[in-house]
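Working notes, beginning with the structure itself.
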Amino acid sequence: MQLGYHSITWGGVVGHAQGVTSAKDLYYLTYGSMEEAVRDIAAAGYVGTEMFDGNLAAYADRPDELLGLLADNGVELVSVYTGAGFVYPDVLPDELDKVRRACELAATFGAERLVVGGGARRAAGTTPEDYDRLATALDQVHELARQHELTASYHPHLTTVVESPEELEQLLPRTQIAFCPDTAHLAAGGGDPAALIRRYGDRVAHVHLKDVALDPVEFLPLGQGSLDFRDILSAVREAGYDSWLIVELDAYAGDPLEAAKISKAYLDQLLTIQVA
């Protein structure tokens with residue numbers, strides 16, 4: 001397995017302000033420096049990264065700058081993360097246009113995977129039809145990714161209509177898109193990450209690792225929360241997945257490089273034990 005680290009820790013996650021009035025422009029962003037992030041990710045010993053579509057869009061007119069930064073640091077862009085509401089029929093064409101643009105950016109910068117979150121919770125409450133709409137939209141995302149030679153996977157996320165194990169079961173049988181388990185979001189949604197990876201092992205095409213403390217929810221570097229990563233990694237192996245593990249930490253009070261190193265040391269130890 002190869003280890004990567006998401007650039008989100010260098011600035012946290014925000015959305016492009018223009019998206020408030022124009023859904024086609026609502027990219028995910030982190031306000032930190034991608035130059036610093038890539039150098040720190042390499043310094044911590046990772047060989048891959050995942051970035052938001054909005055951060056890649058900033059390099060659209062100067063692609064050689066980011067491609068050179070990645071190459072100089074021996075870091076591969078593994079995956080690109082985007083998301084949308086996906087349940088509002090009138091807005092969906094613009095949301096899919098944004099996903100198409102994310103696919104183009106991913107292909108430009110050498111990524112092979114698209115990760116997507118979403119499924120808006122309505123003020124009036126979620127309806128069964130929302131899962132049908134979300135599933136149909138995700139099938140279109142799957143096809144857009146395929147056209148750009150990318151593998152797309154769906155990432156369950158707090159605040160969307162797919163938080164709990166029951167909600168995940170509502171969605172996955174309806175759509176052909178692959179599954180990206182995020183260990184912390186699955187746990188915070190009331191699930192057992194290892195059990196869910198085993199349950200949907202044939203759908204796993206990408207993996208996000210982060211630790212979490214529950215009640216209140218706080219995302220943490222690996223080994224500093226409540227999750228059993230020995231069991232999680234065993235489940236990943238049982239699923240036949242032997243590819244990128246992306247460590248993702250939304251925010252860290254200290255130095256992002258420190259957080260990356262903490263997770264890398266913990267993960268290296270676990271993987272060495274499992275191989276032995």
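Every number here is computed from the coordinates shown, using simple stated rules; none is lab data. Bear in mind the structure is a predicted one, so any value in this text is a computation, not a measurement. No Cβ is skipped: glycine too gets one built from the backbone with ideal geometry, and neighbour counts run over all protein chains shown.
Couple of notes before you dig in:
- By the rule of a C-alpha distance below 24 Å, with chain neighbours fewer than 8 residues away ignored, the lysines paired with K210 are K261, K264.
- Partners for K24 among lysines (Cα-Cα distance below 28 Å; same-chain residues under 8 apart left out): K98
- Between the amide H of G117 and those of T82, G83, A84, H155, distances stay under 5 Å, these residues lying 5 or more places away or on another chain, with hydrogens modeled in the peptide plane.
- Helical segments meeting 20 Å axial Cα length and Kyte-Doolittle -1.0 threshold in the chain (DSSP H): 92-108, 128-147, 256-275
- Shown in residue order for the range 112-120 are the 3J(HN,Hα) couplings computed by the Karplus curve 6.51 cos²θ - 1.76 cosθ + 1.60 at θ = phi - 60°: 10, 9, 10, 10, 10, x, x, x, 5 Hz (x for Gly and Pro).
- Looking at the chain, the DSSP beta bridges with both ends there are about 15 percent antiparallel.
- A43/Q224 FRET efficiency (R0 25 Å; Cβ-Cβ; nearest 0.05): 0.80
- With a cut-off of 17 Å on the backbone N, the residues of the range 16-43 near the modelled label site 7 Å out from E65 along Cα-Cβ are 30-39.
- Length-normalised contact order of the chain in % [C-alpha pairs under 8 Å, at least 6 apart]: 18 percent
- Measuring r between the beta carbons of A17 and A253 and using R0 = 30 Å, the FRET efficiency lands at 0.75.
- Normalising by residue count, the range 99-143 has a Cα convex hull of 72 Å³ per residue.
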